[in-house]
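**Q** Please find one structure pasted underneath; my questions will follow.
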Amino acid sequence: MVLYILVFFVVIAPGIVLLSLNHYRSSVENSVADQQFMLVTRIAEELDQKIIFSQEALVSASRRINPRIISDPLKAEEFLFNNLSLISIFDNGVFLFGSDGRLIAETTQRPGRTGMDFSYREYMKRTIATGKPVISSPFISSMPHHHPAIMFTVPIFGDQGGLQAIFGGSIDLMKPNFLGLLSRAKIGTDGYFVLTTADRTVIMHPEQGRIMASFPVGRNPLYDKAINGFEGAGETVTAAGVHSISAFKRLKTVEWLMSANYPENEALAPIHEANCFAWVIVFLGGIMTVSVFWVVMKQLIAPLISFTDQIRMIHSNEDHDRQVEVATNDEIRELATVFNGLMAGLDEKEKRLREVNEALETRVAERTAQLEETNMILQNEIRNRIEAQEEIVCLNEDLNRRALSLETINRELESFSYSVSHDLRAPVRHIKSFINILMTDHAEKLDTEAELLLRRISDASGKLEVLINEILNLSKVSRAEIKHLPVNLSALAAEIAGLLKETEPLRAVSFDIQDNVVVTGDPALMHMVMQNLMENAWKYSAKTAQAVIRFGAVEHGNETVCFVKDNGIGFDMANAEKMFGVFQRLHDSSQYEGTGIGLATVQRIIHRHGGRVWAEAVEGEGATFFFTVG
């Protein structure tokens, strides 16, 4: 129970106080924000009225300016000094400028300024450009004090509508006028007003050094929001890093933004005092309540402590009397009576449990002996399996060594065949050259039989040269580095078909080539694959009256299967695997020329690309060669 009281005063009560204080804080913040917005709205309206009054006074006086005043600086100066109301409003001077921006007269009476060119000023450019009254942004006055100032201007037009002069009045932002006094106004002790232009230039600020400075972007989030059109109040952090409750209101007469900033510490001072008072009350109340409750509970729970101690003795000493005694007549006495009954029943159940345990121990001993025997059998079987596994590992290692040895032998054979084939090319070329010399330069000395023998030798050497070239190609396929580029097999098939037609233009054969069959592989090697398969189809369909050679691709699962099909003589499927071996031929070389290396080359290229190649055929009906590129 004491724990519950502690939880209440440590967790629940502070939570309630915290929620209440947060609600009170939120209410006060909203109230302060509403008051701030009402205040800044009223100040902005008053400022609008004063700006309108100042501008209307200037416009009204400008209507009395005629061409004679504009053309005579002395009359212009007399006119300006006679307008005392304007002089009282525009404490930085009243001015009359020509249409070209040059000074005609002023109330400051500074010698040598008549005729000075002020056309570079922003307010002068806007007045000339718009032909309307203008209120300028802050600028540094050309007066000796060089204070920040603003200028009100009114254009003066002649009877023909042309611009004759510009009438202006300037307000010193450092003097106690209706703008200067604004910087000295306070909200509470440390609150203040700020006036800025739409482009963030400071017009009024309690720190005069900030006037004419640019309000930094990102330093005051609520101000950034107000620049973009927001009007209202809320919590923010000023550019100086002070947490404040600020309100913003735009002026209606000019694109200026009025803001009121009230430091949060000052605005919420009553809340901070209430916080301290509330936490002191919670702390003192908690201590007093827990103390009183502790004394009362100590008297009430003494019998319960005695009861608990006796139960602890029973738990720690099995020979201790398992009955407890309590000298009270309340609920604790009833609890002790029920406990004694439970302990008597528990003693009886423990006696029965011991008898059951003795019987179970006997059965467990018997089962344990059986399990030990079974365990020995399983251990022997596991040992045998481990030995078999070790033997398998040894066999695999031996197999890997043999495979590595075979791979080395194959590489040596490829190098040998490449070297032999390469070395044979020169003698064959010499033989062909000598035969050509004999047949051309010494033809008259040869009889018919000798000429026939030379032609047979020439044909044989030509076949030998083809065989050597194909062996070299086969060796290059195994040695060449694979490039992985997009290869348009349809374009290759069409190109090869055109070359084949040129060799036998009178032959009746048609090609059916599927468009846009593109794979990724080595362009040179894939050209060799297509050339071998297309030439095979051309060769073995030579005796077909209407030969048709097809190339295409089909999707099978997740792979693209390409094929070259003809309706030639076909072959026996029993020899399908043998036909991809080197020097393997299924037809008589006297009927169909060839070296028996082309399909072996195709298979080796496809395997190097990670693909498969196979063939299907029916004797007398044609053959189809399929391949994939991994």
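Coordinate-derived values only; no laboratory data. Computed from a prediction, not measured in an experiment: that's the story for all the values here. Don't worry about glycine lacking a Cβ; one is built from the backbone with ideal geometry, like all the others, and counts go over all protein chains shown.
**Q** Run the simple label-point estimate for Lys186 and Arg608 please: 7 Å along Cα→C-beta, distance reported in nm.
**A** The two pseudo-label positions are separated by 9.4 nm.
**Q** Now, a different point. If packing is taken as the average number of other Cβ atoms within 10 Å across a peptide's residues, how do 103-111, 505-513 rank, most packed first?
**A** Details: 103-111: 16.6, 505-513: 12.3.
Highest-to-lowest ranking by the protection proxy: 103-111, 505-513.
**Q** Compute the semi-axes of the equivalent ellipsoid of the range 482-627, taking the square root of 5 times each eigenvalue of the Cα gyration tensor, and list them largest first in whole Å.
**A** On the way: eigenvalues 103, 68, 42 Å².
For the range 482-627, the ellipsoid semi-axes come out as 23, 18, 14 Å.
**Q** Give the Rg (one decimal place) followed by the Dmax (whole number) of the range 65-177, computed from C-alpha coordinates and expressed in Å.
**A** Cα only, the range 65-177: 13.1, 41 Å (Rg, Dmax).
**Q** Rounded to whole Hz and in sequence order, give me ³J(HN,Hα) for the range 343-354 from the Karplus expression 6.51 cos²θ - 1.76 cosθ + 1.60, θ = phi - 60°, writing x for Gly and Pro.
**A** 5, 4, x, 5, 4, 5, 5, 5, 4, 5, 5, 4
**Q** Order of 246-258, 514-526 by packing, highest average Cβ count within 10 Å first?
**A** Numbers: 246-258: 21.1, 514-526: 16.2.
Top to bottom by mean Cβ count within 10 Å: 246-258, 514-526.
**Q** Counting Lys and Arg as +1 and Asp and Glu as -1, each charge on the Cβ, what is the dipole of the range 482-627 about the Cα centre in debye, to the nearest 20?
**A** Working: 12 positive and 17 negative charges, 63 e Å.
Computed about the Cα centre, the dipole is about 300 debye.
**Q** Round to a whole angstrom and tell me the spacing of the C-alpha centers of the range 505-568 and the range 183-203.
**A** Between the Cα centres of the range 505-568 and the range 183-203 lies a distance of 87 Å.
**Q** Taking the dipole about the Cα centre of the range 75-147, with the C-beta of Lys and Arg at +1 and of Asp and Glu at -1, give me whichever of Ala129, Gly115, Phe95 is farthest to the positive side.
**A** Checked the options; the winner is Ala129.
**Q** Name the residue from Leu525, Leu599, Ala574 whose Cα lies farthest towards the positive end of the charge dipole of the range 482-627, charges +1 on Cβ of Lys and Arg and -1 on Cβ of Asp and Glu.
**A** Going by the charge dipole, the pick is Leu525.
**Q** Among Arg612, Arg455, which comes first, second and so on when ranked by fewest other beta-carbon atoms within 10 Å? Numbers along the way, then the final one.
**A** Details: Arg612 15, Arg455 12.
Going from least to most buried by this count: Arg455, Arg612.
**Q** What ranking, highest mean first, results for peptides 554-565, 125-136 when packing means the other Cβ atoms within 10 Å averaged over each residue? Display every interim value, and only then the final one.
**A** Working: 554-565: 14.5, 125-136: 16.2.
Result, highest mean Cβ count within 10 Å first: 125-136, 554-565.
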